[in-house]
Amino acid sequence: MKIKQISIFLENKIGRLAEVTKLLADSKINIRTLSLAETAEFGVLRLIVSDPDACLKVLKDNQFVAQETDVIAVEVQDKPGGLNRILEIFHKNDINIEYMYAFVEKKVDNAIVVFRIDNAGKAIAVLQDHNIAIVSDDIIKNL
Amino acid sequence: MIWNNEYETMQPDKLRAVQSSRLCELVARLYKNVPFYKQKMDSLGVKPEHIKDIKDIVKLPFTTKDDMREVYPLGHLAAVKNEIVEIHTSSGTTGKPVVDAYTQKDIDIWSEVMARTLAMGDTCKNDIVQNAYGYGLFTGGLGVHYGARKIGANLIPISGGNTKRQLQIMQDFGSTVLTCTPSYSLLLAEIGKADGIEFSKLPLRVGFFGAEPWSESMRKETEANLQLKALDIYGLTEIIGPGVSSECMHQDGLHIFEDHFYPEIIDPATGKVLPDGERGELVFTTLTKEGTPILRYRTRDITYLMREQCGCGRTQVRMHRLLGRTDDMLIVRGVNVFPSQIEEVLLKIEDVKPHYQILVDRKGQLDSIEVQIEMTETLFSDEIKNINANEKRIEEALYGTLNVHSRVKLVEPKSIPRSEGKAKRVIDKRQL
């Protein structure tokens, strides 16, 4: 139930992000959602894409430092308290979130939020106990 | 096997006495016979009678590469011209060549120190020495030649180049000792392997490699490929050629033949002599040479001296294999920093490939060092805090070695400019 996120090391230089999106566009890889974490000197671009393996290959072939990481994508009810419910479950079960970001797409009724959690296995079990829908690779591919 | 037990295992106090009397004699001779040195000493107000002990060497003037060019061709000759029996010169690729003029006694000394060198790898009468250093004005070929002849080994004076023939001779005559540059040893191995030669089935057992800088990883590669023990040897035309120092079978520093060539390590910025173990510029005085002796020659090579007793039984001081050139040295906040130190630290940190650049700048009164390192798979993480922790870890390791703070900046792969040949490691932006 984990999905693959691609992260990429980027220096803070004009046009560098556009180089990545151009590369993915040329390779017919669709970006489902993204988040950019930054410091004064560099950024880490995190992507959820239609084909993570192909994405990683094309990045490495073009001398980017990139890696695949497992993350969890969770359906969150699109109403007040929707996200809070999930976060409380994590909190009560002592699950620490490293970072999170939301999907920009909306072909499903619920919002989708991506969580990066060190102990992903435990998080999945806890979410399942609470009947919270976890988004699979297949769904991401066909969004 | 120790070639000259008397000198190579001499007790330190006795050796000091030998060095002292040889230095006094040398200085008197230079002052009398070489106007270039008389002038240098006079300008410092030093007379031969001020030199009574090897410790007094610090009173004497240095000789630089520029000095050697100034005296070209024979302004540094200390012997009568017709006593010279042989002349060698450096290639002179960066200016006028450096000249070494040998009397018969100088050739005898050269043969002696090269016999000691070859004996470091247990070379004896039964060995077949394939000498692939170039013969001619270059000192490498004839230096090894004289040493092998003195030992009475079976010498093959094949000289450099013609790799196919080298490999044929090596197989046909069963060479046991190989002498050449380290890069040529790699080429021999590569071509030999392509030709299907199994080096493990050849009697080759030891190689003496020098005349250019090489690394531990090159040593491992050469040893594995050629199936021999690879020893590092050191020398320079200004001093005598090869035969100034050599590794023994312990491969832990190069023994300097200090009864002939007196070593000092100095701070390249101030000229002050540094204690044993401290890294600095290597300086040599030729204690016994007749033709073109030299006082306190600044080699511009960086190393340190190792005074502890070596397992081989020799007592003569060792120098660490070369750690860089003074041309690359930086002085940051009063501390001497060598790019080679930074390289060593990076190599120790797992999987950091040495693609780096050092930027030195001055903001206000304070110097700053930034070490840019290309990002690798293992240093990268999807989490910023892990990347920052890796930067910090490298910064701490650098501080532990350099004793001055530097900032590490991870940059994208291939973003540090590659140059043909030698990499440009240091960018000094200070306006001093």
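Summary of computed values
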quantity	calculated
Tally, over the range B:184-214, of residues that are open to solvent by less than 60 Å² (accessible area, probe 1.4 Å), out of contact with any strand residue (DSSP E or B) (no Cβ under 6 Å at 6 or more places or on another chain) and of a type in the set (Gly, Ala, Ser)	3
Single match in B:LYS47, B:LYS59 (criterion: over 24 Å from the mean Cα position of the chain (by Cα) and more than 24 Å from B:THR299 (Cβ to Cβ))	B:LYS47
Residue that is open to solvent by less than 10 Å² (accessible area, probe 1.4 Å) and in the same structural domain as B:LEU142 (by TED's automatic domain parsing), where the choices are B:SER217, B:SER175	B:SER175
Which numbered condition B:THR378 fails, given (1) open to solvent by 30 Å² or more (accessible area, probe 1.4 Å); (2) over 18 Å from B:ALA269 (Cβ atoms); (3) in contact (Cβ under 8 Å) with a residue 60 or more places away in the chain	(3)
Selection from the range A:1-26 of residues that are in a loop (DSSP other than H, G, I, E, B) and surrounded by 16 or more Cβ atoms within 10 Å (Cβ to Cβ)	A:MET1, A:LYS2
Residues of the range B:75-85 that turn out to be in contact with a strand residue (DSSP E or B) (Cβ under 7 Å, 6 or more places away or on another chain) and exposed (fewer than 15 other Cβ atoms within 10 Å of the Cβ), as a count	1
Count - residues of the range A:112-143 that are in contact with an Asp or Glu (Cβ under 8 Å, 6 or more places away or on another chain), closer than 27 Å to B:SER381 by Cβ and either open to solvent by 30 Å² or more (accessible area, probe 1.4 Å) or within 14 Å of chain B (Cβ to nearest Cβ) (or both)	5
Any hit, the range B:333-355, residues being within 14 Å of chain A (Cβ to nearest Cβ) and not in a loop (DSSP other than H, G, I, E, B)	no
Test: residue in the range B:308-321 that is closer than 14 Å to B:THR63 by Cα and in contact (Cβ under 8 Å) with a residue 24 or more places away in the chain	no
Residue in the range B:348-363 that is within 30 Å of B:ARG300 (Cβ to Cβ) and without any contact (Cβ under 8 Å) to a residue 24 or more places away in the chain present	yes
Top-ranked residue of the range A:58-69 - restricted to ones that are within 14 Å of chain B (Cβ to nearest Cβ) and over 15 Å from B:MET375 (Cβ atoms), ranked as least open to solvent (accessible area, probe 1.4 Å)	A:THR69
Enumeration of residues in the range B:160-170 that are surrounded by 15 or more Cβ atoms within 10 Å (Cβ to Cβ) and either modelled with pLDDT of 95 or more or in contact with a helix residue (DSSP H, G or I) (Cβ under 6 Å, 6 or more places away or on another chain) (or both)	B:THR163, B:GLN166, B:LEU167, B:ILE169, B:MET170
Test: residue in the range B:87-98 that is aliphatic (A, V, I, L, M) and farther than 16 Å from B:THR288 by Cα	yes
Selection count where residues are assigned to a loop (DSSP other than H, G, I, E, B), within 11 Å of chain A (Cβ to nearest Cβ) and of a type in the set (Val, Ile, Thr), scope the range B:372-424	2
Close pairs (6 angstrom Cβ cut-off, 6 or more residues apart or separate chains): in contact (Cβ under 8 Å) with a residue 12 or more places away in the chain and more than 16 Å from B:LEU287 (Cβ to Cβ) in the range B:33-52, part of a helix (DSSP H, G or I) and not hydroxyl-bearing (Ser, Thr, Tyr) anywhere	B:VAL46/B:LYS59
Out of A:ALA54, A:ALA18, A:ALA25, A:ALA37, sole residue that is within 30 Å of B:LYS414 (Cα to Cα), touching a helix residue (DSSP H, G or I) at 6+ places or on another chain (Cβ under 7 Å) and not assigned by TED's automatic domain parsing to the domain that holds A:ASN131	A:ALA37
Residues of the range A:39-51 classified as under 16 Å from the mean Cα position of the chain (by Cα) and open to solvent by 20 Å² or more (accessible area, probe 1.4 Å), total	2
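This table checks each residue for (1) open to solvent by 30 Å² or more (accessible area, probe 1.4 Å); (2) under 28 Å from the mean Cα position of the chain (by Cα); (3) not assigned by TED's automatic domain parsing to the domain that holds B:ILE266.
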site: B:GLY334; (1), (2), (3): yes, yes, yes
site: B:PRO339; (1), (2), (3): no, yes, yes
site: B:ILE349; (1), (2), (3): no, yes, yes
site: B:VAL371; (1), (2), (3): no, yes, yes
site: B:GLU383; (1), (2), (3): no, no, yes
site: B:GLU396; (1), (2), (3): yes, no, yes
site: B:ARG418; (1), (2), (3): yes, yes, yes
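The values are calculated or read from the model by the stated rules, or taken from the named source; none is laboratory data. Here the structure is a predicted model, which means the values were calculated and not measured. In this analysis, Cβ positions are derived from the backbone assuming ideal geometry, glycine residues included, and neighbour counts consider all displayed protein chains. Please note that ligands, DNA and RNA were not included when accessible areas were found on the heavy atoms of the full protein model with its side chains. Shrake-Rupley method; radii C 1.70, N 1.55, O 1.52, S 1.80 Å.
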